[in-house]
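The values are calculated or read from the model by the stated rules, or taken from the named source; none is laboratory data. Here the structure is a predicted model, which is why all the values come from computation and not from measurement. A quick note on method: Cβ atoms are made from the backbone with ideal geometry, for glycine too, and the neighbour counts reach across all protein chains shown. Keep in mind that these areas ignore ligands, DNA and RNA; they rest on the heavy atoms of the full protein, side chains included. Shrake-Rupley method; radii C 1.70, N 1.55, O 1.52, S 1.80 Å.
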Protein chains: 2
Amino acid sequence: MRVSELAQRTGASPRALRHYDANGLLPSQRLANGYRDFPEQAIERVRRIRLLLAIGLDLEDVAQLLPCFAETGELTPCDRAQERLRGQIADIDAKMSALRATRRMLAGELRQWAGPPAERDPARSPDRPPAEHAEGPREERRHEEL
Amino acid sequence: MRVSELAQRTGASPRALRHYDANGLLPSQRLANGYRDFPEQAIERVRRIRLLLAIGLDLEDVAQLLPCFAETGELTPCDRAQERLRGQIADIDAKMSALRATRRMLAGELRQWAGPPAERDPARSPDRPPAEHAEGPREERRHEEL
DNA sequence: TTAAACTTTGCCACCGGCGTCAAGGTCAAG
DNA sequence: CTTGACCTTGACGCCGGTGGCAAAGTTTAA
């Protein structure tokens, strides 16, 4: 299939896909006319790429990680990849706990400062976990289903 | 105290501190000669700033959030701040679950590909969670939704 | 006095993923 | 043929925190 199809089937922009390709993350053939020709495989692959990116890895990291996901019998760089992944996991865990701490502090402060019970949506109290707010006159930037 | 002292007492670079100051995050007096003069308070404040930044907020968000942390009786912009914070929390939660998924996949693949037991440190197997070196974040099983 | 160590402000560089032209090739439909 | 959708490569822009450099003033040590 060609870029735009892959694009709409994955949710990534054609630009992004070419970018992945350019960085060797996305194997593609070329048709006689020079157009990229992606295999069905690519869909799965793009999903993986985006997942890894969403985690906070950069393209280079992703490139290292991908061969660990089978389908080719690569046996090489998974070593370093694991370490990177492990590092990312640790980072995120750290962020999480920092976040929790912050949320606690904030919630505590807000309770003091609270004063009059706002006429706000009562389902959203500062000391209750996320519950996924779906609002926004803001930008359309929604994160995918991951 | 002056920048460089605050810098080495907080771990931030003088450059960064001036940046925070320039953006109104870090209140400072000026000495007769024009040098910045930070109060002891600043140390705590910088810690907070960096914590928020580490979470993934930007300076503007941090600026909104800081007055919610007491010490001044500010009563204003915590509203939007809360929303931002909530959004960040959601993002991080998403990353976390993505991370967990990835770890699972990676671990699974590696089991297949494993072959000969590498002569690596046997304490670190790819399918066991981080285990955290020092005072690491808890392995909390709480919000698994999303 | 003079050099060294600090300070100030201001501006430019960088990173990285991708948006966004721009200039041009390909191809099916009218 | 022409139009228009789709493709190609290449280049520039952006964001935002920070590094780095420059020019200039201050303070301190020798």
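Tell me which of these A:A12 doesn't satisfy, since it passes every other one: (1) more than 9 Å from DNA strand C (Cβ to nearest atom); (2) within 26 Å of B:I92 (Cα to Cα); (3) part of a loop (DSSP other than H, G, I, E, B).
With (1) more than 9 Å from DNA strand C (Cβ to nearest atom); (2) within 26 Å of B:I92 (Cα to Cα); (3) part of a loop (DSSP other than H, G, I, E, B) applied to A:A12, the lone miss is (1).
Return the residues of the stretch A:6-26 that are open to solvent by 50 Å² or more (accessible area, probe 1.4 Å), near DNA strand D (Cβ under 8 Å from one of its atoms) and touching a residue at least 12 places away in the same chain (Cβ under 8 Å); say none if nothing qualifies.
Result: A:R18, single match.
Step by step: first the residues of the stretch A:85-106, then only those that are more than 7 Å from every other protein chain (Cβ to nearest Cβ) and over 20 Å from the mean Cα position of the chain (by Cα), then the one that is nearest to A:L51 (Cα to Cα). Which residue is that?
Across the stretch A:85-106, the extreme among qualifying residues is A:R100.
Pick from A:I43, A:I49: which is within 16 Å of DNA strand D (Cβ to nearest atom) and among the β-branched types (V, I, T)? Quick ask: steps written out before the conclusion?
Numbers: A:I49 fails: within 16 Å of DNA strand D (Cβ to nearest atom).
A:I43 is the lone residue from the list that is within 16 Å of DNA strand D (Cβ to nearest atom) and among the β-branched types (V, I, T).
Got a number for residues in the stretch A:27-39 being out of contact with any strand residue (DSSP E or B) (no Cβ under 7 Å at 6 or more places or on another chain) and surrounded by fewer than 16 Cβ atoms within 10 Å (Cβ to Cβ)? Give the derivation first.
As a first pass, look at the stretch A:27-39 and keep what is out of contact with any strand residue (DSSP E or B) (no Cβ under 7 Å at 6 or more places or on another chain): A:27, A:32-35, A:38-39.
Next cut, surrounded by fewer than 16 Cβ atoms within 10 Å (Cβ to Cβ) only: A:27, A:32-35, A:39.
Going through the stretch A:27-39 one residue at a time, the tally reaches 6.
Of the conditions (1) open to solvent by 40 Å² or more (accessible area, probe 1.4 Å); (2) under 20 Å from A:L106 (Cβ atoms); (3) at pLDDT 50 or above; (4) within 11 Å of another protein chain (Cβ to nearest Cβ), B:G73 fails just one. Which one is it?
(3)
Please tell me if A:A54 is of a type in the set (G, A, S), under 24 Å from B:K95 (Cα atoms), within 16 Å of DNA strand D (Cβ to nearest atom) and surrounded by 16 or more Cβ atoms within 10 Å (Cβ to Cβ).
On the way: of a type in the set (G, A, S): yes; under 24 Å from B:K95 (Cα atoms): yes; within 16 Å of DNA strand D (Cβ to nearest atom): no; surrounded by 16 or more Cβ atoms within 10 Å (Cβ to Cβ): yes.
No; evaluated as a whole, the condition is false for this residue.
Let me spell it out: the conditions are (1) surrounded by 14 or more Cβ atoms within 10 Å (Cβ to Cβ); (2) farther than 17 Å from A:I89 by Cα; (3) of a type outside the set (A, V, I, L, M, F, W, C); (4) at pLDDT below 80, and B:D79 meets all of them except one. Which number is the exception?
(1)
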